[in-house]
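Heads up: the structure comes next, in structure tokens.
The values are calculated or read from the model by the stated rules, or taken from the named source; none is laboratory data. Keep in mind that what you see is a predicted model, and the values were worked out from it rather than measured. As a convention, Cβ positions derive from the backbone with ideal geometry for all residues, glycine included, and neighbour counts pool all protein chains shown. For the accessible areas, the whole protein counts, side chains as well, though only heavy atoms, and no ligand, DNA or RNA atoms are used. Shrake-Rupley method; radii C 1.70, N 1.55, O 1.52, S 1.80 Å.
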Amino acid sequence: MTSALLLMDFQTGIAGRPGFEPAVDAADRALTAARDAGMPVVFVRVAFRPGYPEIAEANLSFSAAKERGDDAMSLDAPATQIIDRLAPRDDEPVVVKKRISAFAGSDLEVLLRGLGADSLVLGGISTSGVVLSTVRLAADLDFHLTVLADACADPDAEVHRVLTEKVFPRQALVTSVDDWAATL
């Protein structure tokens, strides 16, 4: 199997919020382990064109950004950039998505197929958002999945627990960064 590490939504406007530091620490350890092992790393972020033409009025998740009329979630906005601590290298692709799932509105699947990846290792913020949506679709696309529970975080700790202990194990191996890294 060829694995790729996906670090999702570790961008300033999301991962920079208080309470997510432990997940960022774990993601940093996962990034180091993947790089040391020569594993492909793909970063995923959410961002939109100026004026948000991709956002339909019916989209409850993102329509508020469009209504505000600012460019806080635009492609070049500071809030949509990967946090400095996890800065991608020049040879590490950054995928821009347009919805919750890392696959929605992005070229992620094409990129992963180009890398020959059939196994994905996932970390992201939030567990109930990008991680859940990506796990579900990636499983349907027949990827082998590992979720790094400590490299994921959610504003609701109970939701994170239920997802990582009860929901994700149906479709993915759920483990810690340190346990995963020990297998590389």
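Below, the figures for the structure above:
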quantity	calculated
Net charge of neighbours whose Cβ lies under 15 Å from the Cβ of residue 2, counting Lys and Arg as +1 and Asp and Glu as -1	-2
The stretch 1-134 - accessible surface per residue (Å², probe 1.4 Å)	45
Distance in nm between pseudo-label sites at residue 64 and residue 49 (7 Å out along the Cβ direction from Cα)	2.5
Mean residue ellipticity (222 nm) of the chain, computed from DSSP H runs ≥ 4 via -39,500 (n - 2.57), nearest 500	-8000 deg cm²/dmol
Pairwise label distance in nanometres, residue 17 with residue 32, each label 7 Å out on the Cα-Cβ vector	2.7
Mean Cα-pair separation over length for the stretch 6-77, i.e. relative contact order, pairs under 8 Å, 6 or more apart, %	31
Identified option (computed percent of Cα pairs over 22 Å apart; candidates (i) 60; (ii) 45; (iii) 41)	(iii)
Charge dipole magnitude, Cβ of K and R +1, D and E -1 - the chain, Cα centre, debye nearest 20	300
Extension gain, residue 171 back to residue 156 (0.36 nm per residue minus Cα-Cα distance, nm)	3.2 nm
Cβ-Cβ FRET estimate between residue 76 and residue 113, R0 fixed at 35 Å, reported to 0.05	0.80
Relative packing of 136-145, 19-28, 96-105, which averages over residues the other C-beta atoms within 10 Å, highest first	96-105, 19-28, 136-145
Portion, in percent, of the accessible area of the stretch 19-156 that falls on carbon or sulfur, probe 1.4 Å	51
